[in-house]
Amino acid sequence: MRREALLGWALMAPSLVLLGTFVVLPVLLDVPLSLMQYDMIAASGRWVGLQNYTALAADPIFWQAVGHTLELALGTTVPLLVLAILFGLVLNRRVRGGPVYRTILFVPYVIPLVASSIAWIWMLSSNGFVNEVLGLVLPVRGVTWLDSSTWALPGIMLVTVWQFVGYYTVLVLSGLQGIPREIEEAARIDGAGEIRLAWSVTLPLLSPTLLFCIVVSVIASFRVFDQIYVMTGGGPGTATMTLVFYLYQQGFGFLNTGAGASVSVVLLVGLMGVTWLQLRMARQWVTYQL
């Protein structure tokens, strides 16, 4: 047993070293850095205590960033989860061309975010593909999504959902394929229709996978950066300013490293709180036993 334990630690050692160097250590250094006014060019700083945090609380742009981050989390997690469940239920059936459809759904996930964001800049322009399609049913022709304070954030949501829906569909599909066929067949014998089967049997048994998808999606939505940096730069004005972009702007745009570190601490604490709340609420609806 000791030899197996040593072998296990040896196999994990490279990952633990990388995780500790690039994740744990920066987090530990971030807290004291957030209590300093640090000059990144001169590599020197002075202790200011909670001054960076009080400055954040008094900055209206910070609170706008908080609101936009929450909007982005809600506006991406809900559509991603709904579409992933629908696509997963369809692809879980034996349909002709199933592998092709799975590949089409998953391809956007492997496209580099910068490249896809550049393509979406054109598609969300006034004469772009999105307006041409939506213009068939909605009065949106001529709308320049990324130049509008009303439509810029929904545009970022649209790109994010398109980019990651295939990933969550694969997760849902793997969860569906782990549900024993005998349970569904027994429900059909008892007279359950397709809707009743999906609601009362499939979704409860899929709940652990859905919980994982929700937690990961919320964390990812709080960390959205590439699309905003490439497509809007936080604008127009502050219409797409999120916490991560605000952190980048403070730390690397204004070289206000202490303020940027304080934002990252707030973001970390907020994500920990949101994740804890999700796991706490999951006790009411997640089913771990068949």
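When each of Ala187, Ala198 is tested for being farther than 30 Å from Val130 by Cβ and in contact with a helix residue (DSSP H, G or I) (Cβ under 6 Å, 6 or more places away or on another chain), the lone residue that passes is Ala187.
Residues in region 196-225 that are within 28 Å of Thr144 (Cα to Cα) and crowded, with 16+ Cβ neighbours inside 10 Å: Ser217, Val218, Ala220, Ser221, Phe222, Val224. As for region 171-184, it holds no residue that is small (Gly, Ala, Ser), out of contact with any Gly (no Cβ under 9 Å at 6 or more places or on another chain) and touching a residue at least 60 places away in the same chain (Cβ under 8 Å). List the residue pairs whose Cβ atoms are under 8 Å apart, where the first residue sits in region 62-76 and is closer than 13 Å to Thr238 by Cβ and in contact (Cβ under 8 Å) with a residue 40 or more places away in the chain, the second is part of a helix (DSSP H, G or I) and among the hydroxyl-bearing types (Ser, Thr, Tyr), and the two are 6 or more positions apart or on different chains. The qualifying pairs are Phe62/Tyr246; Ala65/Tyr246; Thr69/Ser221.
At pLDDT below 90 and in contact with a Pro (Cβ under 9 Å, 6 or more places away or on another chain), is that true of Leu290? Against the criterion (at pLDDT below 90 and in contact with a Pro (Cβ under 9 Å, 6 or more places away or on another chain)), Leu290 qualifies. Does Ser174 satisfy the condition of being of a type in the set (Ser, Thr, Tyr) and assigned to a loop (DSSP other than H, G, I, E, B)? Spelling it out, it is not the case that Ser174 is of a type in the set (Ser, Thr, Tyr) and assigned to a loop (DSSP other than H, G, I, E, B). Please verify whether region 236-259 includes one or more residues that are surrounded by 13 or more Cβ atoms within 10 Å (Cβ to Cβ), aliphatic (A, V, I, L, M) and more than 26 Å from Gly155 (Cα to Cα). Within region 236-259, one or more residues are surrounded by 13 or more Cβ atoms within 10 Å (Cβ to Cβ), aliphatic (A, V, I, L, M) and more than 26 Å from Gly155 (Cα to Cα). I want to confirm something. Restricting to region 180-192 and keeping residues that are in a helix (DSSP H, G or I) and buried (at least 16 other Cβ atoms within 10 Å of the Cβ), which single residue is nearest to the chain's Cα centre (by Cα)? Among residues in region 180-192 that are in a helix (DSSP H, G or I) and buried (at least 16 other Cβ atoms within 10 Å of the Cβ), the one nearest to the chain's Cα centre (by Cα) is Glu184.
Taking every residue in region 48-59 that is within 11 Å of Val263 (Cβ to Cβ) and pairing it with any residue that is part of a loop (DSSP other than H, G, I, E, B) and at pLDDT 90 or above, at least 6 positions away or on another chain, the pairs with Cβ-Cβ distances below 9 Å are Asn52/Ser34; Asn52/Leu35; Tyr53/Ser34; Tyr53/Leu35. Reported count of residues in region 193-233, each being within 19 Å of the chain's Cα centre (by Cα), of a type outside the set (Gly, Ala, Ser) and assigned to a helix (DSSP H, G or I), is 18. Within region 80-121, the set of residues being of a type outside the set (A, V, I, L, M, F, W, C), touching a helix residue (DSSP H, G or I) at 6+ places or on another chain (Cβ under 8 Å) and assigned to a helix (DSSP H, G or I) comprises Gly88, Gly98, Tyr101, Arg102, Pro108, Tyr109, Ser116, Ser117.
Can you tell me which residues in region 150-169 are more than 19 Å from Pro112 (Cβ to Cβ), among the polar types (S, T, N, Q) and part of a helix (DSSP H, G or I)? The one that is more than 19 Å from Pro112 (Cβ to Cβ), among the polar types (S, T, N, Q) and part of a helix (DSSP H, G or I): Thr169. Leu255 meets each of the listed conditions (1) at pLDDT 90 or above; (2) on the phi > 0 side of the Ramachandran plot apart from (1). The set of residues in region 33-48 that are surrounded by 19 or more Cβ atoms within 10 Å (Cβ to Cβ) and of a type outside the set (Phe, Trp, Tyr) comprises Leu33, Ser34, Leu35, Met36.
The values are calculated or read from the model by the stated rules, or taken from the named source; none is laboratory data. What you see is a predicted model, and the numbers here were worked out from it, not measured in a lab. Cβ: placed from backbone, ideal geometry, glycine included. Neighbour counts: every protein chain shown.
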